[in-house]
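A.B. asks: There's a structure below that I have some questions on.
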Amino acid sequence: MKPTTLLSRTSARTLAAAGLAAGLVLTAGCAKSEDDASDGGSASSQDQGDAGQEAMSTGGGGGKTCAIGAYGGKKLDLAEATVGFSQSEKEANPFRIAETASIRAEAEKRGVKLLTANAQSQFSKQISDVQDLIAKGADLLVIAPLNSDGWEPVLRAAGAKHIPIVTIDRKINATACKDYVSFIGSDFVEQGKRAADRMIETTGGKGKIAILLGAAGNNVTTERTKGFEDRIKEKAPELKVVFKQTGEFAREKGQQVTEQLIQSKPDITGIYAENDEMGLGAVNALKGAGKKAGAVKIVTIDGTKGAVRGIVDGWIDGVVESNPRFGPLAFQTLDTFTKGRKVAQDIVIKDNAYTGKNAESDLGKAY
């Protein structure tokens with residue numbers, strides 16, 4: 001799918017993929033669903049062509065790389081290693097389902113032993129989960145962090161054994177190539193800017209808008225908010241943010257917050273939801289209030305089938321993708337690193353976009 005020209009990218013995203021300096025596989029297959037989050041399960045995968053992840057550039061790390069010599073540890077054969085994967089949230093959100101399924105499918109494809117754990121949206125459990133994965137013999141770790149802070153106990157335990165860590169979709173506040181090897185994920189500031197561009201277009205750059213903030217305590221929420229607000233101030237000063245409240249990245253909470261919003265700000269023009277689940281909750285609230293499709297403009301981030309279908313049905317005006325299919329790129333990064341070659345400390349992936357122009361034709365590429 002080609003991103004719409006109306007949703008712009010920053011100049012940083014034009015950097016050559018060669019900046020990865022890691023020999024990473026650029027196109028990744030994808031997995032659609034998984035059976036459960038317990039150890040030893042297998043995921044069914046579904047080839048969706050160019051819906052898989054593609055590494056675009058290094059981002060935020062200034063092109064910095066990491067190798068075993070700097071990180072510590074020793075070379076090993078990934079096929080003979082045990083990889084531990086820590087999922088942060090319940091397998092109810094389509095993003096998390098697709099993310100875990102992709103990790104499982106790639107491990108199965110490569111014949112790699114995989115240990116998994118799910119923190120069920122509890123940060124203290126995620127810390128103990130990762131410590132348990134280390135105790136069970138994980139040679140390598142892939143972590144989808146719930147929060148960005150508070151990882152010191154895990155980093156000490158992993159550092160003592162020189163266990164390489166790759167974080168996906170959210171960053172941890174630690175030092176790359178010392179505490180962890182690489183971060184793989186989207187440019188979240190850019191996602192916010194692209195969402196703002198779509199909101200400006202669909203509202204005509206005027207009116208009152210609300211932001212359904214993601215969960216507190218992680219870089220995704222902070223950066224998606226910054227990108228959106230900065231772009232609105234820059235390009236549409238007559239579009240005013242009059243309401244901000246967390247919907248905790250959850251559909252039910254997004255609906256509750258939007259119900260409050262409709263009561264307190266009945267003349268609201270648009271809603272920016274920092275993930276699809278909150279956006280779909282907002283749609284439910286608007287339907288419950290008797291609003292017509294399109295009366296309030298909604299722009300979201302993720303790219304789930306439900307949200308893209310919402311565009312087709314007229315309830316959502318734009319979706320900026322945040323691709324969850326990390327498996328191939330995460331395992332390729334580990335494979336490259338454990339062979340002794342350099343990998344990028346920050347690996348930025350391409351994200352597409354959906355509007356009324358392509359939502360129906362590209363629905364099959366959503367997850």
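A.B. asks: About the Cα centre of the stretch 122-212, how large is the charge dipole given +1 on each Lys and Arg Cβ and -1 on each Asp and Glu Cβ? Please answer in debye to the nearest 20. Walk me through the numbers on the way to the answer.
C.D. replies: Working: 12 positive and 11 negative charges, 47 e Å.
Its charge dipole is roughly 220 debye.
A.B. asks: Please calculate how many Å² of accessible area the stretch 82-168 carries per residue, with a 1.4 Å probe and no DNA, RNA or ligand atoms counted.
C.D. replies: I get 35 Å² per residue for this part.
A.B. asks: Then there's this: What does the charge dipole of the stretch 156-298 about its Cα centre add up to, to the nearest 20 debye, if the Cβ of each Lys and Arg holds +1 and the Cβ of each Asp and Glu holds -1?
C.D. replies: The dipole magnitude comes to about 120 debye.
A.B. asks: When the Debye formula is applied to the Cα atoms of the stretch 147-260, each taken as the same point scatterer, what base-10 log of I(q)/I(0) results at q = 0.09, 0.22 Å⁻¹?
C.D. replies: -0.33, -1.16
A.B. asks: Across 5 Å bins from 0, what is the distribution of all Cα-Cα pair distances for the stretch 80-180, in whole percents?
C.D. replies: Result returned by the calculation: 3, 13, 26, 27, 20, 10, 2, 0.
A.B. asks: Output the relative contact order of the stretch 63-173, whole-number percent, from Cα pairs under 8 angstrom with separation of 6+ residues.
C.D. replies: The value is 31 percent.
A.B. asks: Go through 253/365; 265/365; 235/291 and tell me which ones have a Cα-Cα distance over 32 Å in this structure.
C.D. replies: Those over the limit are 265/365.
A.B. asks: How many percent of the accessible area of the stretch 176-300 is carbon or sulfur, using a 1.4 Å probe?
C.D. replies: C and S atoms contribute 46 percent here.
A.B. asks: Here's a follow-up. Which aspartates and glutamates does residue 339 reach when only Cα atoms under 15 Å apart count, and residues fewer than 8 places away in its own chain are ignored?
C.D. replies: Partners within reach: 77, 80, 139.
A.B. asks: Which stretch or stretches of the stretch 256-274 have amide N atoms under 16 Å from the point lying 7 Å from residue 289's Cα along the Cα→Cβ direction?
C.D. replies: Backbone N within reach: 256-273.
A.B. asks: Multiply the residue separation of residue 108 and residue 136 by 0.36 nm, subtract the distance between their alpha-carbon atoms, and state the gained length in nm to one decimal.
C.D. replies: Details: separation 28, 0.36 × 28 = 10.08 nm, distance 1.91 nm.
Taking residue 108 through residue 136 to full extension adds about 8.2 nm, to one decimal.
A.B. asks: Lysines within cross-link reach of residue 342: Cα-Cα under 19 Å, excluding same-chain residues under 8 positions apart?
C.D. replies: Reachable lysines: 64, 74, 75, 178.
A.B. asks: Per residue, what accessible area does the stretch 210-316 have, given a 1.4 Å probe and all protein chains present, in Å²?
C.D. replies: 40 Å²
A.B. asks: Related question: I need to check one value: relative contact order of the stretch 192-343, counting alpha carbon pairs closer than 8 Å and at least 6 residues apart, in percent.
C.D. replies: Worked out over the stretch 192-343, it gives 23 percent.
A.B. asks: Starting from the Cα of residue 297, draw a straight line to each of the aspartates and glutamates and keep only those under 15 Å, dropping any in the same chain fewer than 8 residues away.
C.D. replies: Within the straight-line limit of under 15 Å, residue 297 reaches these aspartates and glutamates: 197, 201, 267, 274, 276, 313, 317.
The values are calculated or read from the model by the stated rules, or taken from the named source; none is laboratory data. Please read these numbers as outputs of a predicted model, since none were measured by experiment. Note that each Cβ is placed from the backbone with ideal geometry, even for glycine, and that neighbours are counted across all protein chains shown. Protein only, heavy atoms only, side chains kept; ligands, DNA and RNA dropped before computing areas. Shrake-Rupley method; radii C 1.70, N 1.55, O 1.52, S 1.80 Å.
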